Each structure stands twice: as structure tokens, then as C-alpha cells.
Amino acid sequence: MNPDFVLSLEPLHRDACGWARHCCEGSQVDPSDVLQTAYLKVMQGKVRPRGDGSLKTWWFGVIRLTAKEEQRRRRFRESLAGKLLRFAPAKVDEPRTATPIELDESCRELKEALTQLPPRQSEVLHLVFYQDLSISEAAVIMGVSLGSARTHYERGKARLRELLSSTDHR
Amino acid sequence: MNPDKSTDNDLRARFATLRKSETDEAPSFARTLAAARVEKAPSKERPALGWTIGTLAAAVAITVLIVPRLRENRPAPSLAEIIPVLLPASPDSGALFPSPLFAEGRLPSDSILPLHLDFPL
């Protein structure tokens with residue numbers, strides 16, 4: 001356990017919640033589960049920053065990968081092999097679904113439009129506009145090159161505007 | 001590289017509203033950490049599924065590797081042991097071929113041999 005280090009993540013907690021929520025968008029995985037698993041990884045020393053980037057980019061990368069692991073685990077549990085393995089006596093924690101948040105019309109439209117974008121475009125837009133990160137920081141978190149992130153950003157922005165304007169004209 | 005903030009004010013405003021709505025509802029850091037310690041920490045009572053699968057895989061691997069080797073190392077049985085006895089010999093039967101010619105070291109067909117050799121050319 002590394003309690004001192006995990007406390008250094010407290011200032012990023014609210015942003016991390018938003019990012020975990022985005023990473024779980026469209027899946028049945030609960031963002032709280034993802035965040036708890038990510039914190040546990042830190043406490044158990046399974047993940048630690050390498051020191052070649054900001055704490056936020058590293059932490060967001062951990063959350064992103066943890067969300068993907070949880071989604072894979074969830075898909076496996078729902079698959080035939082996963083159902084067969086449930087004959088084993090191990091107690092498996094049933095994943096919870098995300099608690100919905102009351103959002104106004106504008107926010108709902110934005111979230112709906114984001115779900116219609118390809119995942120990479122949606123991710124880079126969230127990181128830049130919601131988390132106020134630069135495109136290069138978003139590229140580090142997403143594990144893609146800067147050029148690729150920039151392309152996703154430009155295409156995503158154009159597509160998001162199209163989607164939002166079409167909903168505005170309805 | 002930072003994106004041009006002046007041209008994207010519409011999107012920024014929308015995202016800011018969404019951010020505010022979501023962060024207001026976010027669970028506190030202490031609560032999340034406590035839940036991580038309690039709910040996510042592996043229980044000692046719970047047998048790890050990974051160990052079960054690993055043990056099964058190891059058992060299968062050992063069976064696959066060792067059984068063929070055991071078969072290779074086993075000595076081949078002699079034919080006398082594995083061929084079944086069809087006509088068991090009785091103790092009074094004596095020799096297998098009781099002809100007196102055998103006793104002299106001749107075969108019953110030896111008498112034909114001179115005829116064959118005397119064939120006129």
C-alpha cells in the first residue's frame with residue numbers, strides 16, 4: 001500500500017470522476033467501479049508514474065486502461081465461457097450500472113452527440129474541452145501520436161458541430 | 001500544442017455546463033477511497049479463479065507431456081508372451097514332428113530331390 005501517494009491524487013479527483021464517466025459512456029460499466037479499481041491499483045503499487053509527464057496525464061491514462069479492462073471483464077462475464085466458469089465456487093462481484101445524473105437539455109444533447117462520434121474523436125474532445133488539456137496531453141493519455149490526435153480533434157469538432165446544429169434546428 | 005480557444009467558445013461553454021453538472025454529483029474522494037479499500041480489496045475467503053484455471057491448465061499440461069513418455073519407456077513384450085497358445089502340448093506327445101526321417105536329419109521331401117537333379121538336358 002502507498003497511502004501517501006494516493007492522497008496526492010485528491011486534487012484530480014473531480015476531473016477523474018468526469019473522465020471515468022466518459023470512459024464508461026455507452027457501456028454497462030459503473031464509473032465508480034472503474035475509479036475504485038484504479039485507486040486500488042495505486043494503493044497496491046501496481047501502477048506508478050514514470051516521471052516523464054504530468055501526474056494528470058498519467059492518472060487519466062490509468063483510468064482509461066482500467067475502464068477498458070472492466071469493459072472486457074464485463075463482456076467476458078456475459079459470454080458463454082464466462083457463464084460456464086461461474087460454476088466455480090468463487091464469489092463474483094456483480095458489476096453495478098452507472099447512476100444517472102440529472103442533466104439539462106443542452107447537456108443531454110451534447111452527451112448524445114458525443115456518443116455518436118467515433119471513440120477517439122469523442123475522447124480527444126472530452127480531454128480538450130471538458131478537462132481543458134492540450135491536444136498533446138490528450139495524445140499521451142490516448143496513447144496515439146500528436147498528429148493522429150490532432151486529426152481526431154479536428155474531425156471530431158466538425159462532426160460535433162454538425163450534430164449539435166442538427167439538434168438545435170429540430 | 002494548444003487548440004485555438006477563441007473560435008471554439010460555443011463548444012467550451014457547452015462542455016463547461018456539462019462539467020459543472022457532473023462534478024456537482026461526483027462522489028467525494030474519501031468515500032471513493034474507502035469504497036475501494038472495502039469493496040475492491042481481494043477477500044481472503046474468496047478462492048482466486050485464476051489459481052483454479054492455472055491448476056487445471058498445469059494438470060492438463062503434465063498429462064500431455066508425461067503420458068507419451070511413459071509409453072515410450074515401457075519395454076516391448078516378447079512374442080512368446082503375447083501370442084495366445086492355440087494347441088497346448090500334452091506331456092506324452094513327445095517331439096513335435098515324430099517322423100523317423102527327422103531323427104536322421106533328413107526331410108520327407110529329400111527323396112524328390114535326386115529326380116529333379118537327374119532331369120536330362
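No lab work stands behind these numbers, since they all come straight from the coordinates. Since we're looking at a predicted model, the values are computed, not measured. Here the Cβ positions follow ideal geometry from the backbone for every residue, glycine too, while neighbour counts run over all protein chains shown.
Assorted remarks:
- Listed pairs A:41/A:68; A:41/A:111; A:68/A:111 exceeding 22 Å between Cα atoms: A:41/A:111
- Peptides A:149-157, B:104-112, B:71-79, A:15-23 ranked from most to least packed by the mean count of surrounding Cβ atoms within 10 Å: A:15-23, A:149-157, B:104-112, B:71-79.
- Among A:13, A:126, a tally of other beta-carbon atoms within 10 Å of each Cβ gives an order, fewest to most, of A:13, A:126.
- Fewest-first ranking of A:5, B:29, A:60, using other Cβ atoms within 10 Å as the exposure measure: A:5, B:29, A:60
- Look at A:160, B:56, B:86 and count the other Cβ atoms within 10 Å of each Cβ; fewest to most, that gives B:86, B:56, A:160.
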